[in-house]
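Have a look at the structure below, then the notes.
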């Protein structure tokens, strides 16, 4: 057995975990240990909190925490917290926010807040019999789950619908209970899954004991009970609009009307071509994920649901849209966002708590509107750059800054290098040679 395998790793104290990993997987164990331990939080209580978020933790992984100011959404101004490591994203969102501040700001509204879960089961009985007693089943499902749903119902949420779906044409004996939920300001994953698992037990007992079923119909096999991260009815819309002549002009000589039409065409291309749509939507998620992370929500669930929504007609398309009608430029997107502002890590992660306070401790619906607006701002900034100066101007400026940091340039050297490389091609070799020349 290789000495790179281990039994009982999860039970080791964290220093022993670090020691074993460093000795087994690094050429310089002492250096690796020092680097891993360097990022431990000096506040032991805070570090214990962070260690509790995941398993087998060795260290912390710092990410930049910044803000995009000047976001006016529905007449209210926000400084939006963003956690992201990619250069130029926060700058682009800030630029778009400032641009639209003078043009009416962002508008947003929540179109729905329904979330979904499913109990998947196999059964070889007569579905017409189950349909005939389905109202009885629903009553028992809700009664048995009442201890779980009581607190959520007090806040105005709970189970809002139960459907029986028959998939036996596609897969023999396969049925599903499709359950809809309202979870208020909670994302609700644990609540939904607990209710679904309770429903599964009730379904099993109901079919096993109800007199409408014959002995040969009493055997139900529960396959799984789980929420769905696809929430097309937990939907938010964000948009900007203004007269076309208020869009410009621009430094490169492009008129407002020319910009509007190029912008509309670029968005239309992303609707038609999945290759372009993928990159187009990635730009939206530069903004969306950064705020989702800053507020300790689940960016994997958000991305999975939104990408499914982008392909809901069987063709992967852009999530944003643009029209020019009667002299009005309008740019908008719809996103399915299942978010929470209470529960989970939102009140446990120390920086997430600050993020939510910075945003005025929003409800889940308000956070949906803030995040959708940030995604739209990011998308606007990216498309505007693409159809005017090109995307690389801003990227290369930040790329230069990263190279200078890597090469240890001081503040004076960095400032001179920024000026020197204005309009020049930036590469690691070119920057290194420039610094070598400056230094001697």
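The values are calculated or read from the model by the stated rules, or taken from the named source; none is laboratory data. The shown structure was predicted, so the numbers you read here are calculated from the model rather than taken from an experiment. With ideal geometry, Cβ positions are generated from the backbone for all residues, glycine too; neighbour counts draw on all protein chains shown.
A few remarks follow.
- Sole residue being within 30 Å of residue 367 (Cα to Cα) and crowded, with 18+ Cβ neighbours inside 10 Å, chosen from 150, 189, 200, 146: 189
- Residues of segment 327-350 satisfying the condition of being modelled with pLDDT of 95 or more and closer than 24 Å to residue 62 by Cα: 339, 340, 341
- Flag if residue 79 is over 27 Å from residue 345 (Cβ atoms) and either in a helix (DSSP H, G or I) or in the same structural domain as residue 247 (by TED's automatic domain parsing) (or both): no
- When residue 275 is tested against (1) over 17 Å from residue 333 (Cβ atoms); (2) in contact with a strand residue (DSSP E or B) (Cβ under 6 Å, 6 or more places away or on another chain); (3) part of a helix (DSSP H, G or I), just one condition goes unmet, and that condition is (2).
- Whichever residue in segment 203-216 is in a helix (DSSP H, G or I) and at pLDDT 95 or above and, among such residues, is farthest from the chain's Cα centre (by Cα): 209
- Sub-6 Å Cβ pairs linking a first residue in segment 255-276 that is under 10 Å from residue 386 (Cβ atoms) to a second residue that is surrounded by fewer than 17 Cβ atoms within 10 Å (Cβ to Cβ) and at pLDDT below 95, at least 6 apart or interchain, number zero.
- Options 81, 64: the member that is exposed (fewer than 14 other Cβ atoms within 10 Å of the Cβ), within 23 Å of the chain's Cα centre (by Cα) and modelled with pLDDT of 95 or more: 64
- Any hit, segment 171-178, residues being in contact with a helix residue (DSSP H, G or I) (Cβ under 9 Å, 6 or more places away or on another chain) and either buried (at least 18 other Cβ atoms within 10 Å of the Cβ) or without any contact (Cβ under 8 Å) to a residue 40 or more places away in the chain (or both): yes
- Whichever residue in segment 382-399 is in a helix (DSSP H, G or I) and modelled with pLDDT of 80 or more and, among such residues, is farthest from residue 93 (Cα to Cα): 387
- Residue among 356, 339, 335, 345 that is within 22 Å of residue 83 (Cα to Cα), out of contact with any helix residue (DSSP H, G or I) (no Cβ under 7 Å at 6 or more places or on another chain) and either touching a residue at least 12 places away in the same chain (Cβ under 8 Å) or in a helix (DSSP H, G or I) (or both): 356
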